[in-house]
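Undergrad: Okay, here's the structure, questions in a sec.
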Amino acid sequence: MTDAAIATTATGRSTWERLRSHRDWMGFWFMLPAAGILILFLAYPLGLGVWLSFTDAKIGRSGSFIGLENYDWLSDDKIFWGSVFFTLFYTIFASIVKFALGLYLALLLNKNLPMKALLRSIVLIPYIVPTVLSAIAFWWIYDSSFSIISWSLIKLGLIDNYINFLGDPWNARWCLVVANIWRGVPFVAITLLAGLQTVSPSLYEAATIDGASRWQNFRFVTYPLLTPIIAVVMTFSVLFTFTDFQLIWAMTRGGPVNATHLMATLSYQRAILGGNLGEGAAIATAMIPFLLAAIMFSWFGLQKRKWQQGGDND
Amino acid sequence: MASVDIRDVRKAYGATAVIHGVNVDIKDGEFVVLVGPSGCGKSTLLRMIAGLENITGGQISIGGRVVNDVPPKERDIAMVFQNYALYPHMTVYDNMGFSLKLRKADKAEIEKRVSQAADILGLKPLLERYPRQLSGGQRQRVAMGRAIVRNPQVFLFDEPLSNLDAKLRVAMRTEIKELHQRLKTTTVYVTHDQIEAMTMADKIVVMHDGIVEQIGAPLDLYDRPDNMFVAGFIGSPAMNFLRGKLGSENGRSVFKSDSGLSLPIARAPAASDGKPVVLGVRPEHLATNGDGAAVNVVVVEPMGSETQVVAKTGDQEMICLFRDRVMPSPGETIRIACDPNLVHLFDPDSGKTLAA
Ligand SMILES: Nc1ncnc2c1ncn2[C@@H]1O[C@H](COP(=O)(O)OP(=O)(O)O)[C@@H](O)[C@H]1O
Ligand SMILES: [Mg+2]
């Protein structure tokens, strides 16, 4: 058909007819439900949260617009800055260790070990136990008078007094990082294991014949082939850690003296327990730039590498 | 370059033995093809030469040095894998230069050797591409390039052409043979395709169920197979086997098949009247002949240069390959004969060739 012919048939129908049948609009109609759900359940709450951060809303009172006053207030708030510090500390340390341990475990589990399937399921246990349950277990392990760690160390004659795990600010911080690592390692390990299993064994054989040692096999074959999946798993790991709430809330509730508040727990405490919705919303909104930064980072990490592009002739 | 000696080599995975004592002598510069049906242990043997599998028993030496306990990288061999095993995250150049890089060769040296190999294989325009951006044939060539760059003592190939289409396979076959004539590096080449074996090898090793059936030059195996397995495996279409007995007619030795077909033979084993035997005759050695034995035509397949006729005698099918353009119709009876010097006789129990 020529352009003219298309034009005449097109104008022959009503606009609605055209909207109903045109290819591009068809796409639009199909996307509408998904867009609706996203707007209703993601964009609206997010927008509402950001809006609340500009008001002095309290529980039971809708509040009025007060501009940046909440943020102004927060900028002088030592507890807020303490929570920013601890959130970063917690995220960075836990993520690095989770990555290292997870990769190590994945490499180990990828070998031909006896009872491979059993070992793989054991590794998953920390991940399937409900967070609150594992938090309570850790709470018990770290208890100031019943801690099994203190008890064993005393029996071994290494220390004289029970360690005040959760009562001392730095002890508490490290304890929480350890608990988070314990919970997060399985996710990293199993995902990386899945990635490792996609690497064809003949690549290792080729590299071995080419003269690569075990380390060089890892450095030049395994690691580069694993980078795409590392980018995915670490993005998720960082996001989960940054927005963690349950573990902290169950173990320390941000104490002692607010030393272990994450931004998420502080926000909850101010907004829901303290009733200052506006201020809590401001703290939560302050998390957004950090999260955006993490997402940007992963966006670049997830870009298809040059070697992944091009036709696949297999 | 080096010779390779395989002495009574055995391989078992746990309790399952897959190679039962194999002996092969490979001379310096020789092109040896290991051929056999799938699962007969060709790859396993090759991987033992490469050092990718432990040797359960026996001894392998390369260039006079026993390598049983030498790790692959010190054996000075290069291997081309069936799936090419190119590193997907490296360019063609880096793939080819990887072994030199690991050996800490300097940049200029790597550059020189890679571009030499690329010249030989016509890979110059592709050096900056990634494996995904190459066609199957180009990948195959890169895999060979990676082997050539190392200038090893021995090349090992494991079914390098089986992922290519038929036409490319024929072209690469010639190319690999040319390459060998040029580099003269000792080569062990594994394939399940007897045509590849026949066309490329200086020496063929026919394997079956973990043992060597026969070793010899391509035409030796074709003309003088040691047993029914080799006779049936080498040559295409495969040799016809007819069960029957030896006898004599008018003072001449003949073979009488169970179906009543009677074919003259040149030399019968001594004192063999009435002895049950299997007669083997290649399709291409059968010709139409008015005085020959009568068979019934089942299917006719003209191919231009020759005509393939599937015929029946009793309940046994025979394949005949005629050079002349005969066009019998199915169901018709034709008469065929063959040169009595070109038939083979086998012992029906052991499958071994009967000495005349
Ligand atoms: N890792 C293994 N474990 C157990 N059996 C194996 C293993 N690798 C190969 N085999 C067996 O060894 C025999 C020979 O295999 P292979 O050398 O790959 O045959 P092919 O001649 O087709 O290359 C086969 O029967 C195969 O099942
Ligand atoms: Mg094989």
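Coordinate-derived values only; no laboratory data. Since the model is a prediction, treat every value here as computed from it, not as a measurement. FYI the Cβ positions are ideal-geometry reconstructions off the backbone, even for glycines, and counts take in every protein chain you see.
Undergrad: Classify the range A:69-308 as rounded, prolate or oblate, taking a ≥ b ≥ c as the square roots of the eigenvalues of its Cα gyration tensor: rounded when a/c is under 1.5, otherwise prolate if a/b is larger than b/c and oblate if not.
TA: oblate
Undergrad: Let me ask something additional. Mind listing the long-range amide H neighbours of B:G58? Cut-off is under 5 Å, sequence gap 5 or more, other chains count too, H placed in the peptide plane at 1.01 Å from N.
TA: B:R10
Undergrad: Calculate the mean, over all residues of peptide B:83-91, of how many other protein chain Cβ atoms lie within 10 angstrom of the residue's Cβ.
TA: Partner Cβ neighbours, averaged per residue: 6.
Undergrad: Mean-square fluctuation check for chain A, GNM, Cα pairs under 10 Å: which of A:G49, A:G184, A:G280 is largest?
TA: Checking each option, the largest mean-square fluctuation is seen for A:G49.
Undergrad: Moving to a separate point now. Mind pulling up the Rg/Rh value for the range B:240-346? Radius of gyration and Kirkwood radius, both on Cα.
TA: 0.98
Undergrad: Moving on to the next point. Kindly identify the range B:24-142 as rounded, prolate or oblate by the Cα gyration tensor criterion: order the square roots of the eigenvalues as a ≥ b ≥ c, call it rounded if a/c is under 1.5, otherwise compare a/b with b/c, prolate if a/b is larger, else oblate.
TA: Since a/c reaches 1.5 and a/b is larger than b/c, the shape of the range B:24-142 is classed as prolate.
Undergrad: Could you go through the range B:201-213 in sequence order and give the Karplus-derived ³J(HN,Hα) for each residue, using 6.51 cos²θ - 1.76 cosθ + 1.60 with θ = phi - 60°, rounded to whole Hz, and x for Gly and Pro?
TA: Per residue, the Karplus-derived 3J(HN,Hα) values read 7, 7, 9, 10, 10, 8, 10, 7, 6, x, 10, 8, 7 Hz.
Undergrad: On average over all directions, what projected area in square nanometres does the protein assembly as shown have, based on the convex hull of its Cα atoms?
TA: If you wrap the Cα atoms of the protein assembly as shown in a convex hull and average its projections, you get 51.4 nm².
Undergrad: Oh, and also: Would you mind getting me the FRET efficiency between B:A108 and B:E306? Use the beta-carbon distance for r and R0 = 51 Å, nearest 0.05.
TA: E(calc), rounded to 0.05, equals 0.35.
Undergrad: Expressed as a rounded percentage, what relative contact order does the range B:4-233 have, with Cα pairs under 8 Å and six or more residues apart?
TA: 29 percent.
Undergrad: Karplus couplings for the range A:91-100 from phi (6.51 cos²θ - 1.76 cosθ + 1.60, θ = phi - 60°), rounded to Hz, Gly and Pro as x?
TA: Here the 3J(HN,Hα) series is 5, 5, 5, 4, 5, 4, 5, 4, 5, 4 Hz.
Undergrad: Additional query: Could you give each residue of the range A:205-221 its phi-based ³J(HN,Hα) in whole Hz, using Karplus coefficients 6.51, -1.76, 1.60 with θ = phi - 60°, and x for Gly or Pro?
TA: The phi angles translate into 5, 4, 5, 4, 5, 5, x, 7, 6, 4, 5, 5, 4, 5, 5, 9, 10 Hz.
Undergrad: Right, another one. Could you grab the Rg to Rh ratio for the range B:114-196? Cα atoms only, Kirkwood for Rh.
TA: Rounded to two decimals, Rg over Rh is 0.94.
Undergrad: Rounded to the nearest Å, what's the spacing between the alpha carbon centres of the range A:84-154 and the range B:54-92? Just the number, please.
TA: Centre-to-centre (Cα) distance: 41 Å.
Undergrad: First obtain the Kirkwood hydrodynamic radius of chain B from its Cα pairs, then insert it into the Stokes-Einstein equation at 10 °C and 1.306 mPa s, and state the resulting D in µm² per second as a whole number.
TA: D, rounded to a whole number, is 69 µm²/s.
Undergrad: Return the loop-located chymotrypsin sites (Phe, Trp or Tyr not before Pro) in the range A:122-228 (DSSP other than H, G, I, E, B) with at most 14 other Cβ atoms within 10 Å of their own Cβ; answer none if there are none.
TA: Counting only loop positions with at most 14 other Cβ atoms within 10 Å, the chymotrypsin sites (Phe, Trp or Tyr not before Pro) in the range A:122-228 are A:F146.
Undergrad: A further question on this structure: Give me, ordered by chain and number, the residues 5 or more places off B:V80 or on other chains with an amide H under 5 Å from its own placed amide H.
TA: B:L156, B:F157, B:D158
Undergrad: Rounded to the nearest 0.05, what FRET efficiency do A:I295 and B:L183 have when you use their Cβ-Cβ distance and R0 = 51 Å?
TA: After rounding to 0.05, the efficiency reads 0.45.
Undergrad: Taking the DSSP beta bridges in the range B:4-233 as the whole, what percent of them are antiparallel, to the nearest 5?
TA: So the antiparallel bridges in the range B:4-233 amount to around 55 percent.
Undergrad: Now for a separate question. Once you place label points 7 Å from the Cα toward the Cβ at A:W151 and A:Y71, how far apart are they in nm?
TA: 5.1 nm
Undergrad: Under 5 Å between amide H atoms, partner at least 5 residues away or on a different chain: which partners does B:V298 have, H built in plane at 1.01 Å?
TA: Correct list: B:V310, B:A311, B:K312, B:G331.
Undergrad: With label points built 7 Å along Cα→Cβ from the Cα atoms of B:T199 and A:R18, find their separation and express it in nm.
TA: In this crude label model, B:T199 to A:R18 measures out at 6.2 nm.
Undergrad: Which of the residue pairs B:K42/B:K101; A:K306/B:K124; B:K184/B:K352 have a Cα-Cα distance greater than 27 Å in the structure shown?
TA: Checking Cα-Cα distances, B:K42/B:K101; B:K184/B:K352 exceed 27 Å.
Undergrad: With a ≥ b ≥ c the root eigenvalues of the C-alpha gyration tensor of the range A:1-153, is it rounded (a/c under 1.5), prolate (a/b larger than b/c) or oblate?
TA: Since a/c reaches 1.5 but b/c is at least a/b, the shape of the range A:1-153 is classed as oblate.
Undergrad: Would you tell me the mean number of C-beta atoms belonging to other protein chains that fall within 10 Å of each C-beta in A:193-204, as a whole number?
TA: What the average comes to for A:193-204 is 2.
Undergrad: Given labels modelled 7 Å from the Cα in the Cβ direction, how far is it in nm from B:S236 to B:K352?
TA: 3.1 nm
Undergrad: Assign unit charges at the C-beta atoms only (+1 for Lys and Arg, -1 for Asp and Glu), then state the dipole size of the protein assembly as shown relative to its Cα centre in Debye, rounded to the nearest 20.
TA: Dipole magnitude for the protein assembly as shown comes out near 980 debye.
Undergrad: Within the set of other residues whose C-beta is less than 12 Å from the C-beta of B:L345, count the net charge using Lys and Arg as +1 and Asp and Glu as -1.
TA: With Lys, Arg at +1 and Asp, Glu at -1, the net is +4.
Undergrad: Would you please put A:242-252, B:339-349 in order of how densely packed they are, using the mean number of other Cβ atoms within 10 angstrom per residue and starting with the highest?
TA: Highest-to-lowest ranking by the protection proxy: A:242-252, B:339-349.
Undergrad: When you look at the Cβ of every residue in A:207-218, what mean number of other chain Cβ atoms sits within 10 Å?
TA: 6
Undergrad: Packing-wise, with mean Cβ within 10 Å as the measure, how do B:61-67, A:26-32 rank, highest first?
TA: Top to bottom by mean Cβ count within 10 Å: B:61-67, A:26-32.
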